[in-house]
Each structure stands twice: as C-alpha cells, then as structure tokens.
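Undergrad: Right, I'll just put the structure down here and ask away after.
The values are calculated or read from the model by the stated rules, or taken from the named source; none is laboratory data. All values derive from a computational prediction rather than experimental measurement. Neighbour counts run over all protein chains shown; Cβ positions are idealised from the backbone, glycine included.
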Amino acid sequence: MAGKAARDAFLDTRVSLLAQQLLRRPEREALLGASEEEMRPLLQKAGLHQLVAEPPRNARTLEQQLATVLVEESLLLMHGMNSDQSRFIRYWLRRLELINLKIILRSKLSGLSAAQTLENLLDLGPLTTLPIDALVGTESAEELLRRLESSPYAAMARQARKIYEEQLDLFNAEATLDTHYYHQLVQQARALKDGSGEPVRALLGTWLDQINLVSLLRFRLNYRLEAPHAYFLLAPGGHHLPLPLLQQLAQYDSLEQMLALLPPALQQRLADAADIENVEYRMVAMVRTHARRLLRKRSHPMARSFAYLYLREQQIQLIHTVLKGHLLGLEQGLIRFCADPLVDAGHHHHTGAAAS
C-alpha cells in the first residue's frame with residue numbers, strides 16, 4: 001500500500017509540474033498572432049526549449065521534434081504508473097504509430113521508394129512496436145498487411161487484409177485498422193481496476209463521442225456510405241452516444257435530422273452547427289473542457305496524466321500548425337484560422353472554447 005501511495009504522490013507531482021507548460025487561452029491567442037520573434041517566450045513557457053534553441057528548418061523536422069516531446073513526457077509519466085495504467089497510455093499513443101502504418105500503406109500504392117517512405121515517418125523511439133524496415137521493404141499493400149500479422153498488430157492486420165483483398169480499397173482497410181484500435185483502447189481502459197478507471201473511461205467516452213459523431217456524419221453525408229457500412233466502421237459507443245443511438249443516427253442522411261436526434265446535452269452544444277467542420281470544432285472543445293476539469297481534480301493521478309496528455313497533444317498540434325504556417329510563409333489570418341477555428345469569438349458561448 002505504501003508503494004502505491006508513494007507512486008501516486010510521485011505521479012501527482014509530475015503531472016502538476018508538466019501541466020504548468022499548458023498555455024492558457026490568452027497565451028494561445030497571442031501565439032496565433034505572434035511573429036517568430038514574439039513566439040519564443042511562449043514556446044519557452046510551453047516547455048519547447050529545443051524549438052527555441054534550434055528552430056526547425058522544415059516542416060518534417062518540426063513534426064519530429066514535437067512528436068519526441070510527446071513521447072518523452074508520456075514515458076516520464078508512465079514511470080509512476082502500474083502495469084495496467086502504463087499499458088493504457090502506451091496504447092493511447094499507438095495512434096501515432098497508426099499514422100506511420102498508414103503512410104507506409106499509402107506509399108505502396110503511390111510507388112514511393114523505401115528511402116522516401118522512411119523520410120515521412122515519425123520516429124517514436126521506445127514506443128515503436130512496428131517492424132518498420134520489414135514493412136517498408138514489402139512489395140505491395142497485401143504483403144505489408146500479411147507481414148504485419150506477426151507483429152503486435154496481428155488481429156487488426158488480419159481483418160484489414162481480408163477487407164483489402166476482397167475490395168482492393170484502401171479507405172475501408174484503413175477504417176478497419178482505426179475501428180480495431182478504438183475497440184482495443186476501450187478494452188485497455190476496462191482493465192483499469194483502481195480508482196483511476198472510472199474518470200479515464202469517462203474522458204475516453206467523451207472523446208469517442210467526438211470520433212463517432214464526426215465519423216458518422218462524414219461517412220453518411222460526404223462519402224455517401226450505406227447506413228450499415230457506416231455503422232460498422234464506428235468506434236465503440238461513448239459517453240452520450242451509445243451504439244443503439246449511433247445505429248439509429250446512421251439511418252439518416254441529413255445533418256439537421258441527425259442533430260435533432262442527439263441527447264439534450266449534445267443538442268444544446270450543437271444547436272446551430274451549420275456543417276460537419278463546425279460540429280467537429282464544438283465536439284473537440286467539449287473534450288478539452290472535460291480534460292481540463294479532470295486535470296484540475298487532485299484525486300486520481302493516472303486519470304490526471306491521461307487528461308494532461310490529451311491536452312498536451314492538442315496544444316502541440318496547435319503549435320505545429322502555427323510554426324508550419326510560418327515555415328511555409330502563410331498569411332497570418334490563414335495561420336490563425338487553420339490553427340484554431342474556435343478562437344473566433346463568435347463560437348465561444350456555444351463551444352466552451354473560452355475555458356482556459
């Protein structure tokens with residue numbers, strides 16, 4: 001018991017120290033309008049000292065530097081966790097590896113060389129579980145998926161390969177990988193038996209609501225998938241949107257009809273959303289608000305760690321977009337919009353985006 005108390009105290013302190021790096025709303029807004037010179041103190045405050053010491057020369061280096069920060073901080077927090085907790089966080093970060101996997105898959109179809117493909121991948125250091133060189137060296141998407149069956153991705157690879165061989169369609173193969181990932185992530189969250197399990201599952205459920213609603217709207221309205229097909233590609237049910245309700249929503253093919261069926265808490269938040277992008281911005285704001293609340297609670301250090309890593313990744317994406325915009329010489333207004341559409345004051349009273 002004493003071991004657990006010491007570990008919790010260590011983790012709680014560690015999260016509180018890292019959380020000081022999260023930029024508050026005025027700082028995030030300042031970042032959006034800042035020149036490269038004005039950005040330096042904000043990047044220092046965000047704990048991104050390397051970006052200040054060695055400004056990245058290109059978008060690729062920038063992306064790698066930011067991914068490395070996320071990996072290092074995650075490993076730091078995992079030191080204070082038990083095996084179920086660290087397994088959950090490790091699996092949460094596997095989304096980054098799924099991005100690498102999709103890049104390799106797409107490179108097979110576009111005929112990129114092994115060297116070009118490797119250049120596009122993120123180095124995830126100790127969190128890497130993919131046999132990268134072996135996958136990059138395969139001749140085709142089918143061979144890649146077959147080779148993947150002798151990796152930790154075996155179960156999702158079998159399903160994706162079956163679908164790819166039947167349909168020769170990368171979209172469905174990738175969507176199958178995603179769906180399998182979400183199901184496994186929920187399993188990992190269910191394995192959390194201590195007090196942290198419930199708050200972790202609640203935040204995860206809110207995030208899955210965002211994933212499912214936005215995915216379902218895109219599958220039905222943009223890609224025109226049939227209702228059963230769209231439903232099959234969804235993640236497990238979340239906090240406000242259980243699977244029976246998602247199955248019902250999938251029967252409709254208009255934004256208004258689908259939003260009208262949502263439970264009151266979501267209807268209120270999305271009342272006058274005009275398009276899928278706007279729905280997504282507001283749902284993301286809802287997850288951020290949930291994560292900030294959880295981070296402020298001092299009861300479950302592991303759940304606070306998960307909330308921190310979610311918010312940290314969100315802010316790293318924001319910083320990535322702003323700095324990439326500067327590297328590409330984009331105009332300030334465009335950088336501002338691409339980085340955070342929620343910063344438009346017109347959305348604040350609907351979205352909760354104003355929460356700091």
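Undergrad: Could you tell me which residue of region 212-235 is surrounded by the fewest Cβ atoms within 10 Å (Cβ to Cβ), considering only residues that are part of a helix (DSSP H, G or I) and small (Gly, Ala, Ser)?
TA: Restricting to residues being part of a helix (DSSP H, G or I) and small (Gly, Ala, Ser), the top hit is Ala227.
Undergrad: Return yes or no: is Ser113 surrounded by fewer than 16 Cβ atoms within 10 Å (Cβ to Cβ), closer than 21 Å to Val186 by Cα and of a type in the set (Gly, Ala, Ser)? Walk me through it before giving the result.
TA: Numbers: surrounded by fewer than 16 Cβ atoms within 10 Å (Cβ to Cβ): yes; closer than 21 Å to Val186 by Cα: no; of a type in the set (Gly, Ala, Ser): yes.
For Ser113, the condition - surrounded by fewer than 16 Cβ atoms within 10 Å (Cβ to Cβ), closer than 21 Å to Val186 by Cα and of a type in the set (Gly, Ala, Ser) - is not met.
Undergrad: Would you check which residues across region 288-324 are over 14 Å from the mean Cα position of the chain (by Cα), in a helix (DSSP H, G or I) and within 19 Å of His79 (Cα to Cα) and list them?
TA: Leu295, Pro301, Met302, Ala303, Arg304, Ser305
Undergrad: Next up: Quick check on my filter: what residues within region 171-196 are under 20 Å from Ala291 (Cβ atoms), modelled with pLDDT under 95 and buried (at least 18 other Cβ atoms within 10 Å of the Cβ)?
TA: Ser196
Undergrad: Arg57 is checked against (1) surrounded by fewer than 19 Cβ atoms within 10 Å (Cβ to Cβ); (2) within 23 Å of Arg292 (Cα to Cα); (3) modelled with pLDDT under 95; (4) among the charged types (D, E, K, R) and fails just one. What number does that condition carry?
TA: The one condition Arg57 does not meet is (2).
Undergrad: Where residues in region 32-54 are within 24 Å of the chain's Cα centre (by Cα) and surrounded by 15 or more Cβ atoms within 10 Å (Cβ to Cβ), which of them is nearest to Glu331 (Cα to Cα)?
TA: Going through the qualifying residues, I end up with Leu32.
Undergrad: Go through the residues of region 312-323 one by one and say whether even a single one is under 26 Å from Arg218 (Cβ atoms) and in contact with a Gly (Cβ under 7 Å, 6 or more places away or on another chain).
TA: No: zero hits.
Undergrad: In addition: Residues in region 329-337: is at least one in contact (Cβ under 8 Å) with a residue 24 or more places away in the chain, more than 26 Å from Asp12 (Cβ to Cβ), more than 19 Å from the chain's Cα centre (by Cα) and surrounded by fewer than 16 Cβ atoms within 10 Å (Cβ to Cβ)?
TA: Scanning region 329-337 turns up at least one residue that is in contact (Cβ under 8 Å) with a residue 24 or more places away in the chain, more than 26 Å from Asp12 (Cβ to Cβ), more than 19 Å from the chain's Cα centre (by Cα) and surrounded by fewer than 16 Cβ atoms within 10 Å (Cβ to Cβ).
Undergrad: Moving on to the next point. Taking the condition under 30 Å from Gly238 (Cβ atoms), polar (S, T, N, Q) and touching a residue at least 12 places away in the same chain (Cβ under 8 Å), does Gln167 pass?
TA: So Gln167 fails the test.
Undergrad: Applying the selection to region 129-184, what residues are under 20 Å from Thr117 (Cβ atoms) and in contact with an Asp or Glu (Cβ under 7 Å, 6 or more places away or on another chain)?
TA: Thr129, Leu130, Glu142, Ala157, Arg161, Tyr164
Undergrad: Out of (1) surrounded by 19 or more Cβ atoms within 10 Å (Cβ to Cβ); (2) modelled with pLDDT under 95; (3) of a type in the set (D, E, K, R), the odd one out for Asp209 is which?
TA: Tallying (1) surrounded by 19 or more Cβ atoms within 10 Å (Cβ to Cβ); (2) modelled with pLDDT under 95; (3) of a type in the set (D, E, K, R), Asp209 fails exactly one: (2).
Undergrad: Also, I was wondering about something else. Only one of Leu122, Leu145, Leu101 is surrounded by 15 or more Cβ atoms within 10 Å (Cβ to Cβ) and in contact with a Lys or Arg (Cβ under 6 Å, 6 or more places away or on another chain). Can you tell me which?
TA: On the way: Leu122 fails: in contact with a Lys or Arg (Cβ under 6 Å, 6 or more places away or on another chain); Leu101 fails: in contact with a Lys or Arg (Cβ under 6 Å, 6 or more places away or on another chain).
On inspection, the qualifying residue turns out to be Leu145.
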